[in-house]
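The values are calculated or read from the model by the stated rules, or taken from the named source; none is laboratory data. Predicted model, so just to flag it, every value in this text is computed and none were measured. Backbone-built Cβ (ideal geometry, glycine too); neighbour counts: all protein chains shown. Accessible surface areas use protein heavy atoms only, side chains included; no ligands, DNA or RNA. Shrake-Rupley method; radii C 1.70, N 1.55, O 1.52, S 1.80 Å.
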Amino acid sequence: MPLAAGLLKAQLDSIPEIKNRLDVSFHDFYIDSSADSIAGSICAETPDIIGFSTYLWNRDLTEEICRIIKNRFPEIILFAGGAEASALPGKLFECAPFDFVIKGEGEFALTETVKRILENKPVQGVRGVYAKNSINDAEPDQWPVENLDALTSPFLTGVIDLKKYSGVLWELSRGCPFKCSFCFESRGVAGVRQYSLDRLQKELELFESQKVNQVFVLDPTFNHDAKRAKKILRMIQKTAPQIHFTFEVRTEFLDSEMAGLFSNVNCSLQIGLQSAVPEVLTNVNRKIDPVQYAAKISLLNSSGVIFGLDLIYGLPGDTIAGFKSSLDFALGLQPNHIDIFPLAVLPGTALYDNAEYFKLNFLEYAPYTLLSSPGFSETDMDRAESLKNAFEILYNKGGAAGWLFMAYETLDIKPSELIENFAEYIRSIQLVERFSGDELIEPQISFVKMLFKKHNKSELFPVMKDIININGAMNSSLYAGPYTGVTRISFDDNTRFALSDGTKFLNIVYSYDDLMQLGDFTIVEFLANFRPEKTSVIIYNCAGVVKPLIVSEELSGLLQLFTGNISLKEILSLSPSINPDEVYEFLEYAISETILYII
Ligand code: SF4
């Protein structure tokens, strides 16, 4: 969703003298389109002025598009805004024929500049604007929006058509009270500015009425103002209970009431840990108390809140050993996923200004990735990348969050050692990185079997195998999503049924209910207390919630025949020992739970 462009159009349209003379439209393109085709598509509308939002990932492409357009249509006015323009406005001029560049927030700076263009006045001197013919002047100050409610809402005005996008970017505030040196969120503009709760309530009601599925909350420290965050969570619970929200939060402001409120909302949280090494965090102006941090995270775990952590490797002072200890700490908190990034030394950040002091060697062009530092050699960067890739396959895509801790605790090894072993294993079997869901269960099982054998614990492996199978099926079911087609409920012997994509079948060695007690028992204790008890389980996805259902082996086998090709009568004739009445009764339940559907 091009939120920035939508905000700019809403603002331009709100000023009558501009709206009367200027027809503003915005267009979104994809990074894999060619510069030629994008330039052609834009110019087909014969515009007078074209603006570009520039970010790490589109800067090179944007520059190329601008060169093509200026070459063909020199009279068109070109300008840029966004993260790259704000960080290095002068450099953008060197690389592409822009007429002006906006530094920082664009709404007020652009409306003033457009007014001047319409009045044939020079654009030099507008706050926040760097004009081509003032290139030797000092860079301009930004023109931040002090009162965010002064901005016209692109949602409430219909400027952004919510039906066109699969998710909404919902801006709740601008600015950040913290000053992490690798981040430019808080550079240039002091303090945090917030939209009023009245406005947010109206936008929320609109999202609900338009049946929006996903909202990504744009507020880098959503819970910093705990009172306000709790009010917003209550608003969401009341107004938009069906929508899934993603929040970014800081652990230090979590409390049990807030964890409870998050658990009442359909949401997941993202939390920036970045590193668990105190000296590394000091170098980037952050700090954590590991004991308190873990206590706060346990509030989320005990309330059943889904959350992920972010880690960065290669921060100043970091080493490969430090990165591995950060990974160990992060995994000990049992997050649902961990997003791992190499350090990017972003222009416009304090770290960029201090890169020489820390002897950071990084790419001079986007994405400005660290190449090496005194503590992190190029080889270390490669090792960290291989750990990151293995982790992505095993944990994030492979859904190992539910069993990884059992494996490393049983083997008495560090989580990072297990991930390193997995990195070697996937290299040896040449596992393709794009594999996901079902395709990852077998490699996970083979890997863990090999690891248990290596540590002389093969006798414990069957329990581990059951747990991996259950988690793998749940993960695949989640990825497959719920059945969303038409649900018919009446059927007869000639009806054909098909299984929903999220329906998975499992045969496990131990009882499902016994296995669910493994959180309280170690595998050794489990084996001392429970006997094998062959069990058939159906894992299925009903309205986005993944559920288990224990069934008889016979019923499980029969259900697997529902491929949509043969009728119920033919299926029943293949299983003469099964009572048809039991099947009819089960099918009614299975349809209502979207385990299968009528064709
Ligand atoms: S990393 Fe997060 S907390 Fe730190 S300055 Fe950036 S937005 Fe703020």
Scalar couplings 3J(HN,Hα) for the range 351-356 by Karplus 6.51 cos²θ - 1.76 cosθ + 1.60 (θ = phi - 60°), nearest whole Hz, x for Gly and Pro, are 5, 4, 5, 9, 4, 5
So what are the radius of gyration and Dmax for the Cα set of the chain, in Å?
27.9, 89
Provide the solvent-accessible area of residue 570, counting protein heavy atoms only and rolling a 1.4 Å probe, rounded to the nearest 10 Å².
90 Å²
Over the heavy atoms of residue 291, what accessible area does a 1.4 Å probe trace out, to the nearest 10 Å²?
120 Å²
Listed by chain and number, the aspartates and glutamates with an alpha carbon less than 16 angstrom from that of residue 211, same-chain partners under 8 positions apart left out, are 161, 203
Projected area, mean over directions - the range 155-290, Cα convex hull, nm²
9.0 nm²
Sort 446, 209 by accessible area with a 1.4 Å probe, largest first.
209, 446
Provide, as a two-decimal number, the C-alpha radius of gyration of the range 205-349 over 2.2 N^0.38 Å, N being how many residues it has.
1.12
Whenever you get a sec, line up 57, 403, 143 from highest to lowest accessible area (probe 1.4 Å, protein heavy atoms).
57, 143, 403
Efficiency by 1/(1 + (r/R0)^6): what FRET value for residue 498 and residue 282, r their Cβ-Cβ distance, R0 = 56 Å, to the nearest 0.05?
0.45
Dipole of the range 1-75 [Lys/Arg +1, Asp/Glu -1 at C-beta], most positive-end residue of 34, 12, 73:
12
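Compute for the range 279-396: radius of gyration divided by Kirkwood radius, i.e. Rg/Rh, restricted to C-alpha atoms, rounded to two decimals.
On the Cα set of the range 279-396, Rg over Rh gives 0.99.
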Residues meeting the amide H criterion for residue 313 (H placed from the backbone, H to H distance under 5 Å, 5 or more places apart or on another chain) are 341, 343
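Which of 19/230; 324/457; 230/397; 397/454 have a Cα-Cα distance over 27 Å?
Table pairs above 27 Å Cα-Cα are 19/230; 230/397.
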For residue 164, give me every one of the aspartates and glutamates with a C-alpha distance below 13 angstrom, ignoring sequence neighbours fewer than eight places off in its own chain.
28
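Report the net charge of residues surrounding residue 564, where surrounding means a beta-carbon distance below 14 angstrom and charges are Lys +1, Arg +1, Asp -1, Glu -1.
0
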Probe 1.4 Å, all chains present, heavy atoms only: residue 429 accessible area in Å², nearest 10, is 70 Å²
Karplus (6.51, -1.76, 1.60) ³J(HN,Hα), θ = phi - 60°, over the range 408-415, in Hz, Gly and Pro reported as x:
6, 6, 5, 7, 6, 10, 6, x
Net charge contributed by nearby residues that have their C-beta within less than 15 Å of residue 53 (K/R +1, D/E -1)
-4
Ranking request for peptides 374-387, 20-33: highest mean number of other beta-carbon atoms within 10 Å first, then the rest in descending order.
374-387, 20-33
Taking the Cβ-Cβ separation of residue 531 and residue 579 as r and a Förster radius of 25 Å, what is the calculated FRET efficiency to the nearest 0.05?
0.30
Taking a label point 7 Å from the Cα of residue 334 along the Cα→Cβ vector, which residues of the range 465-491 have an amide N closer than 16 Å to it?
467-468, 471
Separation of the residue 120 and residue 202 label points, Cα + 7 Å toward Cβ, nm:
3.9 nm
Cα→Cβ-extended label distance, 7 Å offset, between residue 372 and residue 592, nm:
6.6 nm
Candidate residues 357, 597: accessible-area rank, largest first, probe 1.4 Å:
357, 597
Added length on full extension, which subtracts the Cα-Cα distance from 0.36 nm per residue, residue 453 to residue 73
129.9 nm
Out of the total accessible area of the chain (probe 1.4 Å, heavy atoms of protein only), what percent is carbon and sulfur?
50 percent
Please work out the C-alpha center-to-center distance from the range 466-539 to the range 109-126 and express it in whole Å.
63 Å
Expressed in nm to one decimal, what extension gain is obtained for the pair residue 356 and residue 289 from 0.36 nm per residue of sequence separation less their Cα-Cα distance?
21.2 nm
Built amide H within the under 5 Å cut-off of residue 542, gap 5+
547
Helix-only mean residue ellipticity at 222 nm for the chain, each DSSP H run of n ≥ 4 adding -39500 (n - 2.57), per residue, nearest 500
-12000 deg cm²/dmol
Put one equal scatterer on each alpha carbon of the range 8-92, apply the Debye formula with no solvent term, and list log10 I(q)/I(0) at q = 0.16 1/Å to two decimals.
-0.67
What number comes out for accessible area per residue over the chain if the probe is 1.4 Å? Units Å², please.
47 Å²
So which aspartates and glutamates can residue 534 reach, going by Cα to Cα under 15 Å and dropping same-chain residues fewer than 8 places off?
466, 513, 514, 553, 554
For the range 286-303, in order, what is each residue's ³J(HN,Hα) by Karplus, 6.51 cos²θ - 1.76 cosθ + 1.60 with θ = phi - 60°, in whole Hz (x at glycine and Pro)?
10, 7, 9, 9, x, 5, 5, 4, 5, 5, 5, 5, 5, 4, 5, 4, 6, 8
